[in-house]
Amino acid sequence: MSVITLERKPKKEEGPTGRFVVQEHHARKLHWDLRLELDGVLKSWAIPKEPPLRPGIRRLAIEVEDHPLSYIDFEGIIPEGQYGAGVVKIWDKGTYRMESRKPEKMVFTLNGEKMRGGYVLLRFKEEGQWLLFKKKD
């Protein structure tokens, strides 16, 4: 007698996945650079204060130029006289899943060492300015 089992179909993955990094950047002013692997580059935002690790904390995130994918592992010193001169350290890294992406809002789930769970980037009316916050679980 043979037994037929019905296997569950795997849950369909939603949205693209990729890598992310947050680099602590000791330049003229200390800030953190959030970089998401997206569209073949690292989409990047400078965050003047430490990124939020729990809901209820909101941070300004200033959109900056895209960086090449090779920059995702960069730690070191950018020499004086060069743009962004100062010490760069990896503060957090991991993978993410984009849940929703619109011109004015991105919703994604981070799976890093420090930053875990749902996050939102919400665009302000001012060019290049966003609000970053962690969603309630």
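The values are calculated or read from the model by the stated rules, or taken from the named source; none is laboratory data. Bear in mind the structure is a predicted one, so any value in this text is a computation, not a measurement. Cβ coordinates were reconstructed from backbone atoms using ideal geometry, including for glycine residues, and neighbour counts include every protein chain displayed.
Computed quantities for the displayed model
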| read-out | value |
| --- | --- |
| Contacts under 7 angstrom Cβ, first residue in region 72-84 being within 21 Å of VAL21 (Cα to Cα) and touching a residue at least 12 places away in the same chain (Cβ under 8 Å), partner among the acidic types (Asp, Glu) and surrounded by 11 or more Cβ atoms within 10 Å (Cβ to Cβ), 6 or more apart | ILE72/GLU37 |
| Scan of region 120-137 for residues that are part of a loop (DSSP other than H, G, I, E, B) and either within 10 Å of the chain's Cα centre (by Cα) or more than 16 Å from LYS43 (Cβ to Cβ) (or both), ordered by number | PHE124, LYS125, GLU126, LYS135, LYS136, ASP137 |
| Region 88-119, subset aliphatic (A, V, I, L, M) and touching a Leu at 6+ places or on another chain (Cβ under 7 Å), residue nearest to LEU30 (Cα to Cα) | MET115 |
| Selection status of GLY117, part of a strand (DSSP E or B) and either over 17 Å from ALA46 (Cβ atoms) or within 13 Å of the chain's Cα centre (by Cα) (or both) | yes |
| LYS89 vs. criteria in contact (Cβ under 8 Å) with a residue 24 or more places away in the chain, assigned to a loop (DSSP other than H, G, I, E, B) and more than 19 Å from VAL41 (Cβ to Cβ) | no |
| Scope region 120-137; condition closer than 15 Å to ARG58 by Cα and either of a type in the set (S, T, N, Q) or free of Cβ contacts under 8 Å to residues at least 40 places away in the same chain (or both); matching residues | VAL120, LEU122, ARG123, PHE124, GLN129 |
| Residue within region 11-22 that is modelled with pLDDT under 95 and among the basic types (Lys, Arg) present | yes |
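Per-residue answers, yes or no, for (1) under 17 Å from LEU131 (Cβ atoms); (2) at pLDDT below 95; (3) out of contact with any Ser or Thr (no Cβ under 6 Å at 6 or more places or on another chain); (4) surrounded by fewer than 16 Cβ atoms within 10 Å (Cβ to Cβ):
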{"position": "PRO55", "(1), (2), (3), (4)": "yes, no, yes, yes"}
{"position": "ALA61", "(1), (2), (3), (4)": "yes, no, yes, no"}
{"position": "ILE72", "(1), (2), (3), (4)": "no, no, yes, no"}
{"position": "ILE78", "(1), (2), (3), (4)": "no, yes, yes, no"}
{"position": "TRP91", "(1), (2), (3), (4)": "no, no, yes, no"}
{"position": "LYS102", "(1), (2), (3), (4)": "yes, no, yes, yes"}
